[in-house]
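This report refers to the structure that appears directly beneath it.
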Amino acid sequence: MIEPDDCYEILQLAIAKEIEAYNFYLALADRVKDRQIRKAFKDLAEEELEHKAKLELEVMKTGKTVAVEQKPLRPDRNYILSDDELPLDMDYKDMLLLGIEKEEASFRTYVNLSASVLDEGSREVLLAIAEEEVKHKLRFETEYDLLLKKSGGRLLDKDG
């Protein structure tokens, strides 16, 4: 368990979450045929790397070093998108719903982590990233609403 104001551990956890989100969005991008949608997922992946960089800067401000690493590796084709072991052949609607769920969880994680940090600067960075995660969630929700409108108000499952 992370003790309050164990800033380094909190930041390391947040960095791991950003790498996971990066891999998640690249895995989604690999499963989408539409070029515009694929680009949107790749853009989100890049934003998660920007979050990671902000968090790494905060680690350096604590006086600790950040492990030198290259850009996170691209996930392989069998990358697990969810702990629920969802099928890898999700349709776009399911991808959007999963994205909404994951971004909501990320937002809550950052808000909860920020409450454990006594350093004001680190708390502000965590809250700023929480705000960006909410924006990601809103992007998914907006796209889902557009998809719903295009389908005449009803979205069918793959089975009909």
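For every residue, the table says whether it meets (1) at pLDDT below 85; (2) surrounded by fewer than 21 Cβ atoms within 10 Å (Cβ to Cβ).
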{"position": "GLU3", "(1), (2)": "yes, yes"}
{"position": "ASP6", "(1), (2)": "yes, yes"}
{"position": "ALA14", "(1), (2)": "no, no"}
{"position": "GLU20", "(1), (2)": "no, yes"}
{"position": "ALA29", "(1), (2)": "no, yes"}
{"position": "LYS33", "(1), (2)": "yes, yes"}
{"position": "ALA40", "(1), (2)": "no, yes"}
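So that you can scan it fast, the table gives a plain yes or no per residue for (1) in contact with a strand residue (DSSP E or B) (Cβ under 6 Å, 6 or more places away or on another chain); (2) modelled with pLDDT of 85 or more; (3) surrounded by 12 or more Cβ atoms within 10 Å (Cβ to Cβ):
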site	(1), (2), (3)
LYS52	no, yes, yes
MET90	no, no, yes
ASP119	no, yes, yes
ASP157	no, no, no
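Pairs, please: C-beta under 9 Å, at least 6 apart or cross-chain, first residue free of Cβ contacts under 8 Å to residues at least 24 places away in the same chain and in the stretch 112-132, second of a type in the set (A, V, I, L, M) and loosely packed, with under 13 Cβ neighbours inside 10 Å?
Going by the 9 Å Cβ cut-off, the qualifying pairs are ARG123/ALA115.
Please determine, by comparing only the residues of the stretch 99-126 that are among the polar types (S, T, N, Q) and touching an Asp or Glu at 6+ places or on another chain (Cβ under 6 Å), which one is nearest to LEU55 (Cα to Cα).
Among those that are among the polar types (S, T, N, Q) and touching an Asp or Glu at 6+ places or on another chain (Cβ under 6 Å), it is SER122.
Need the failing condition index for GLY99 against (1) modelled with pLDDT under 85; (2) among the small types (Gly, Ala, Ser); (3) within 19 Å of ASN23 (Cβ to Cβ), just the number.
The failed condition is (1).
Look at THR109 and say whether it is modelled with pLDDT under 85 and either in contact with a Lys or Arg (Cβ under 9 Å, 6 or more places away or on another chain) or among the hydroxyl-bearing types (Ser, Thr, Tyr) (or both).
no
The values are calculated or read from the model by the stated rules, or taken from the named source; none is laboratory data. Remember, predicted model here, so these are calculated numbers, not experimental data. Here the Cβ is made from the backbone with ideal geometry for all residues, glycine too, and neighbour counts use every protein chain on show.
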